[in-house]
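Below: the structure, in C-alpha coordinates.
The values are calculated or read from the model by the stated rules, or taken from the named source; none is laboratory data. All figures in this text were calculated on a predicted structure; none of them were measured in a lab. Here the Cβ is made from the backbone with ideal geometry for all residues, glycine too, and neighbour counts use every protein chain on show.
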Amino acid sequence: MIVEWLFKAFEWLFKGSNFIKLILIILVILFAIYVWPTPYRYMPDYLGGKTPFRIHRITGTGEIWFRGTGWTKLK
(Lines give C-alpha, C1' and ligand atoms only; values in the text may rest on other atoms or scores of the structure.)
Protein backbone atom coordinates (compact mmCIF):
# COMPACT_ATOMS: atom_id res chain seq x y z
CA MET A 1 0.00 0.00 0.00
CA ILE A 2 2.71 2.49 0.97
CA VAL A 3 4.89 1.44 -1.96
CA GLU A 4 2.02 2.05 -4.37
CA TRP A 5 1.42 5.47 -2.86
CA LEU A 6 5.13 6.35 -3.23
CA PHE A 7 5.12 5.30 -6.87
CA LYS A 8 2.06 7.46 -7.52
CA ALA A 9 3.67 10.39 -5.72
CA PHE A 10 6.87 10.11 -7.78
CA GLU A 11 4.85 9.76 -10.97
CA TRP A 12 2.90 12.91 -10.09
CA LEU A 13 6.12 14.77 -9.27
CA PHE A 14 7.77 13.92 -12.58
CA LYS A 15 4.65 14.65 -14.68
CA GLY A 16 3.94 18.15 -13.30
CA SER A 17 5.26 21.48 -14.47
CA ASN A 18 8.77 22.58 -13.57
CA PHE A 19 7.53 25.59 -11.59
CA ILE A 20 5.52 23.40 -9.21
CA LYS A 21 8.48 21.06 -8.77
CA LEU A 22 10.77 23.97 -7.98
CA ILE A 23 8.36 25.38 -5.37
CA LEU A 24 7.93 21.93 -3.80
CA ILE A 25 11.69 21.39 -3.58
CA ILE A 26 12.23 24.85 -2.06
CA LEU A 27 9.52 24.20 0.55
CA VAL A 28 11.05 20.85 1.51
CA ILE A 29 14.50 22.42 1.88
CA LEU A 30 13.17 25.30 3.99
CA PHE A 31 11.24 22.86 6.17
CA ALA A 32 14.36 20.75 6.67
CA ILE A 33 16.46 23.75 7.66
CA TYR A 34 14.09 25.73 9.89
CA VAL A 35 11.33 23.47 11.19
CA TRP A 36 12.30 19.84 11.21
CA PRO A 37 15.17 19.78 13.70
CA THR A 38 13.74 22.48 15.96
CA PRO A 39 13.94 26.25 15.98
CA TYR A 40 16.35 25.98 18.92
CA ARG A 41 19.92 24.72 19.22
CA TYR A 42 20.46 23.24 22.69
CA MET A 43 23.75 23.80 24.49
CA PRO A 44 24.13 21.23 27.31
CA ASP A 45 27.48 22.53 28.58
CA TYR A 46 26.23 25.82 30.04
CA LEU A 47 27.14 26.32 33.73
CA GLY A 48 29.01 23.05 33.92
CA GLY A 49 26.36 21.01 32.10
CA LYS A 50 23.83 21.30 34.93
CA THR A 51 21.54 23.94 33.41
CA PRO A 52 20.00 23.57 29.94
CA PHE A 53 20.61 26.50 27.61
CA ARG A 54 19.15 27.05 24.14
CA ILE A 55 19.72 29.50 21.28
CA HIS A 56 17.06 30.33 18.70
CA ARG A 57 18.46 29.43 15.26
CA ILE A 58 16.92 32.40 13.42
CA THR A 59 16.97 35.26 15.94
CA GLY A 60 20.04 34.21 17.96
CA THR A 61 18.38 34.93 21.31
CA GLY A 62 19.43 32.75 24.22
CA GLU A 63 17.27 31.22 26.93
CA ILE A 64 18.19 29.34 30.08
CA TRP A 65 16.04 26.86 32.02
CA PHE A 66 15.21 27.47 35.67
CA ARG A 67 13.05 25.02 37.58
CA GLY A 68 10.68 27.57 39.08
CA THR A 69 10.21 29.85 36.09
CA GLY A 70 10.92 27.70 33.03
CA TRP A 71 12.70 29.17 30.00
CA THR A 72 14.01 32.68 30.76
CA LYS A 73 15.48 34.96 28.09
CA LEU A 74 18.99 36.24 28.64
CA LYS A 75 19.61 39.97 28.37
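Of everything in the range 1-46 that is under 24 Å from the mean Cα position of the chain (by Cα) and among the charged types (D, E, K, R), the residue that is nearest to R57 (Cα to Cα) is R41. Which of the residues spanning the range 1-14 are modelled with pLDDT under 80, in a helix (DSSP H, G or I) and among the aliphatic types (A, V, I, L, M)? Correct list: I2, L6, A9, L13.
Within the range 16-31, identify whether any single residue is within 30 Å of L74 (Cα to Cα), hydrophobic (A, V, I, L, M, F, W, C) and either free of Cβ contacts under 8 Å to residues at least 40 places away in the same chain or in contact with a strand residue (DSSP E or B) (Cβ under 6 Å, 6 or more places away or on another chain) (or both), and answer yes or no. Yes, that holds for at least one residue.
Out of all the residues in the range 19-75, which are among the charged types (D, E, K, R) and not in a strand (DSSP E or B)?
To start, the set of residues in the range 19-75 that are among the charged types (D, E, K, R) comprises 21, 41, 45, 50, 54, 57, 63, 67, 73, 75.
Matches in the range 19-75: K21, D45, K50, R57, R67, K75.
Scanning the range 15-34 for residues that are modelled with pLDDT under 75 and either among the hydrophobic types (A, V, I, L, M, F, W, C) or surrounded by 10 or more Cβ atoms within 10 Å (Cβ to Cβ) (or both) returns a single hit, G16.
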